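Notes follow once the structure below has been shown.
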Amino acid sequence: MTAKPGRYGIEDSLTLSWLKPGYWKTLAKLSTAHPEVALEGSALRFTRYPFEPASVFPSGKVETGQIAEVNLRQPQVRLENGEIVFVPQSGKAALLAFVYRNDVRIEHRGSVWSALLDPFLDTWEEQATIDRQFAWLADLGLDRDSVDAWRREVAAAMMAYNFGTNLWEWVSLDLYDVLVAQRARLSRSSFADFYSRAMRLAALDPVTPMWKPSAGNDIAGALFSVLVDWYPRESGTSKDFRERLDRRTEQIKRLRQKLAAELTSAYSQPHRRYHTLAHVEKCLDELAGVWDYAVGLNEVRWALVFHDAIYDPQRKDNEARSADWACRVMDELHRPEDEKARVRGMILATAHSSEPRTSDEALLLDIDLSILGADEAAFDEYDRSVRAEYSWVPEPEYRQARTKILESFLSRERLYHTLPYRGRCESSARMNIQRALARLQVK
């Protein structure tokens with residue numbers, strides 16, 4: 001049976017929305033200015049905040065004590081009073097720095113508003129999917145009549161927002177989007193009322209497990225994820241769109257195959273025992289479980305793929321040469337200089353000789369050292385593999401150098417820089433290192 005679009009029960013509000021004054025008022029007054037966010041001592045400073053009823057409009061500070069939790073997936077701060085304050089992607093680095101400095105609670109939540117706005121996406125769902133969504137909302141206390149009422153209330157504004165502006169968003173719309181749309185449609189007092197009701201509805205958002213993709217965590221998958229975004233796009237018209245898309249897809253496929261073959265060959269060199277393909281793909285799998293802690297997710301992916309691409313234990317410039325390879329390919333893709341600088345910085349940081357300068361460097365370093373906090377069997381196998389890579393070093397010299405490295409880790413106030421790894425790996429890593437040090441003292 002061929003799948004076909006299901007029905008939400010408000011189709012009349014969708015198809016006739018353009019006949020309503022609210023649709024045209026939304027188009028006429030719509031503006032999507034994003035706030036600016038900066039770290040200011042123990043607070044987050046918001047400026048140019050767009051929603052007048054908000055506690056930080058037009059500018060204001062949020063102190064640690066006001067915060068109930070932070071959601072990194074769609075960066076936002078949930079306050080103790082129930083209000084949600086939005087952080088743009090450009091402010092995520094400041095948000096992460098604030099979180100790490102103040103040990104702010106992180107929660108992953110499903111979004112009631114994302115579900116409510118599903119009918120306004122540029123896509124369609126099968127009836128079974130729509131019915132499951134109604135059931136999920138009902139479990140949260142929103143019956144069918146309530147769901148329909150909310151959707152009809154925002155229909156004209158959301159149709160103008162997504163289709164009248166040619167945005168054509170097809171993946172996700174959420175609370176921020178509906179506030180932008182309704183702010184354009186409503187009077188000041190009516191929007192203040194909607195803002196308050198919308199925040200109360202968002203209080204129903206349930207805590208959910210962190211979603212971890214089960215596919216694409218190998219080198220080929222990581223390369224594809226990045227290249228789909230980074231590969232240059234040809235300009236053209238709608239008439240040759242399909243031809244250009246097919247050509248770009250084929251070019252991405254060929255480049256991915258070439259890079260995957262070259263990297264697989266590099267990581268399979270016979271002198272490697274730990275710094276192998278398995279290590280890189282374990283790092284990519286780790287990233288899949290903490291991806292919402294990344295500011296530039298594709299940059300972190302790219303840096304992980306290349307961070308040990310050049311590895312000769314008898315040289316001191318492996319990180320620099322690996323970074324050169326990564327950036328050379330980025331040059332071919334015409335990536336901007338600041339992006340290349342960040343990737344280079346992440347790869348150079350894996351020398352583990354200094355503190356990370358950015359939150360993405362911190363995340364990548366924690367991923368790279370996650371093996372220190374593994375179970376005893378995995379750590380011991382890692383420890384043996386590192387020794388095998390340095391088999392050319394006489395035992396006394398190896399014990400001395402390895403002891404110095406491991407003791408430098410133990411001397412740190414914290415081995416890990418990011419919250420997920422502090423919680424999961426810190427104590428076990430210290431115990432593993434102490435065991436390794438004890439073995440090194442045995443003559």
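No lab work stands behind these numbers, since they all come straight from the coordinates. Not measured: the values here are computed from a predicted model. Here Cβ is always computed from backbone atoms with ideal geometry, including for glycine, and neighbour counts include all displayed protein chains.
Listed values, structure above:
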quantity	calculated
Shape box of segment 229-338 [Cα atoms, principal axes, largest first, Å]	55, 29, 26
Cross-link pairs LYS212/LYS282; LYS92/LYS340; LYS25/LYS239; LYS29/LYS61 - those with Cα-Cα distance over 22 Å	LYS25/LYS239; LYS29/LYS61
Span from the segment 2-32 Cα centroid across to the segment 255-304 one, whole angstrom	44 Å
Residues THR358, THR264, sorted so that the one with the fewest Cβ neighbours within 10 Å comes first	THR264, THR358
Sorted by Cβ density within 10 Å, fewest first, the residues TRP124, TRP150	TRP124, TRP150
For the chain, built as a Gaussian network whose Cα springs stay under 10 Å, the top-fluctuating residue of PRO88, PRO53, PRO394	PRO394
Shape box of segment 306-443 [Cα atoms, principal axes, largest first, Å]	54, 36, 23
Calculated on alpha-carbon atoms, Rg and Dmax of segment 151-293 in Å	22.6, 71
Neighbour-limited loop hits for GluC sites (Glu not before Pro), segment 350-443 (at most 13 other Cβ within 10 Å; DSSP other than H, G, I, E, B)	GLU413
Listed residues LEU167, LEU259, LEU369, most fluctuating in the chain (Gaussian network, C-alpha, under 10 Å)	LEU167
Helix 395-410 axis, angle to the chain major axis (alpha carbon atoms, nearest 10°)	30 degrees
Relative contact order (%) - segment 1-209, alpha-carbon pairs under 8 angstrom, separation at least six	28 percent
Helix 419-441 axis, angle to the chain major axis (alpha carbon atoms, nearest 10°)	10 degrees
Distance from segment 389-434 to segment 165-195 (C-alpha centre basis), Å	51 Å
Relative contact order (%) - segment 219-441, alpha-carbon pairs under 8 angstrom, separation at least six	19 percent
Contact order relative to length of the chain, as percent, for alpha carbon pairs under 8 angstrom and 6 or more apart	13 percent
Quotient of C-alpha Rg and 2.2 N^0.38 Å, computed over the chain	1.14
Paired Rg and Dmax values of segment 1-209, which use every Cα atom, in angstrom	17.7, 60
Two-decimal log10 I(q)/I(0) for segment 373-431, as the Debye equation yields it once each C-alpha is a single scatterer, q = 0.15, 0.16, 0.19, 0.25 Å⁻¹	-0.53, -0.60, -0.79, -1.08
Long-range amide H partners of ILE310 with built H, under 5 Å	SER322
Whole-number D in µm² s⁻¹ for segment 5-63, Kirkwood Cα-pair radius fed into Stokes-Einstein, 10 °C, 1.306 mPa s	109 µm²/s
Of VAL290, VAL226, VAL207, the one that fluctuates the most in a GNM where the chain has Cα springs shorter than 10 Å	VAL207
Beta bridges by DSSP in the chain, antiparallel share as percent, to the nearest 5	95 percent
Exposure proxy order (Cβ contacts within 10 Å, fewest to most) of ARG387, ARG439	ARG439, ARG387
